[in-house]
Each structure stands twice: as C-alpha cells, then as structure tokens.
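This report concerns only the one structure given below.
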Amino acid sequence: MPRSLSKSSRWLPPRCDARQPVLLYDGTCGLCQRIVHRLLRADSAGRLRFAPLQSAPAQAYLRAQGLPTQDFDSLVFVSDWNTQAPGAYQLRTDGALGAADEIGGIWRVWAALRYVPRFLRDGLYRLIARWRKVLFGEYRPAPLPDPSWERRFLAR
C-alpha cells in the first residue's frame, strides 16, 4: 500500500473500543477474497475479524439470527461478535460500509456512501454479486500473503 494511504488513518483513525467486529463473506468468491485481503492490509489496528459464510461459526451465527444459511450472495457485518445481539448485523452494502468505517483512513470516507439510498447501492451490489464468479473467478485456497493475518480469521 502506498505510504500516503497508510498514513491516512491518522486523520480518520480506526475505531478503538472493545467491540470485536466480524465480516462474514462468501469463502468461494474470488472478488470477496480480494476485498478481504485489501481490508486486512488497510486495517493496521487489526480490528476486523473474518469468517467465510460457509464456515461453522458463520453458519451458527446465521441460524441464531434467523438469516438464510445458503445465501452466499450477501455479506454480513457483525459489529460485535462478543454480544451477538438479535438484529445487530448489517447486510450487503450496509455491511461493507460498516466494515470500512471500522478501519478508518480513506476507508471511512468510502463509508460516507451510506448516504446514497440503499435501493441504489444494493441494486448495484446484487448485480455485481450475480456476476462476480464469472468476472473474478472462484477462490482457490492459498496461503495468506502475510501469515500473521491467520489470527484474524474465526475460520477459513
């Protein structure tokens, strides 16, 4: 990452409370994996945790929240994995923007897109979700670029 972007978190620092935010994503999606790797690089404070929607922890969370367990076209952002209060999650673009807001820096600027009406954001999200595997391929498991990232995953 360019040095100027890594220093950007000084003017919009990451969140620093005791919550443990977790992003649940499609573990077979090449685009999703690329986004997770970008978030890992950008999250210098190490706030975000991750788990594929297909993993046991994610499936248990989805069942407990009454969410579909086979819908891998959406991501789920859980603002605090430790409390898992009913309904305390965000889906699709709200989830992506919630995760961006957590890590600060230029990502928090992207989070301002929450002021764009949800039906527009989620419409584009659904279009990309429909074509993501055609455009970006399926994820092929490989070692993480930085082995220290492994601790940031609830499951892989």
In the range 39-156 the accessible area split gives carbon plus sulfur, as whole percent at 1.4 Å, a share of 59 percent
Taking every DSSP bridge whose two residues both lie in the chain, the antiparallel percent to the nearest 5 is 60 percent
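For the range 95-156, what class follows from the C-alpha gyration tensor (a ≥ b ≥ c being the square roots of its eigenvalues): rounded when a/c is under 1.5, otherwise prolate if a/b is larger than b/c, else oblate?
Values: a/c = 2.85, a/b = 1.28, b/c = 2.24.
Since a/c reaches 1.5 but b/c is at least a/b, the shape of the range 95-156 is classed as oblate.
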For the chain, dividing by residue count, accessible area per residue (probe 1.4 Å) in Å² works out to 56 Å²
For the chain the translational diffusion coefficient, Stokes-Einstein from a Kirkwood Rh over Cα pairs at 25 °C and viscosity 0.890 mPa s, in µm²/s, is roughly 154 µm²/s
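Compute the normalised compactness of the range 17-101: alpha-carbon radius of gyration over 2.2 N^0.38 Å, N being the residue count. Walk me through the intermediate numbers first.
Numbers: Rg = 11.8 Å, N = 85, 2.2 N^0.38 = 11.9 Å.
The value comes to 1.00.
The values are calculated or read from the model by the stated rules, or taken from the named source; none is laboratory data. Not measured: the values here are computed from a predicted model. Just the protein is used for accessible areas: all its heavy atoms, side chains included, with ligands, DNA and RNA removed. Shrake-Rupley method; radii C 1.70, N 1.55, O 1.52, S 1.80 Å.
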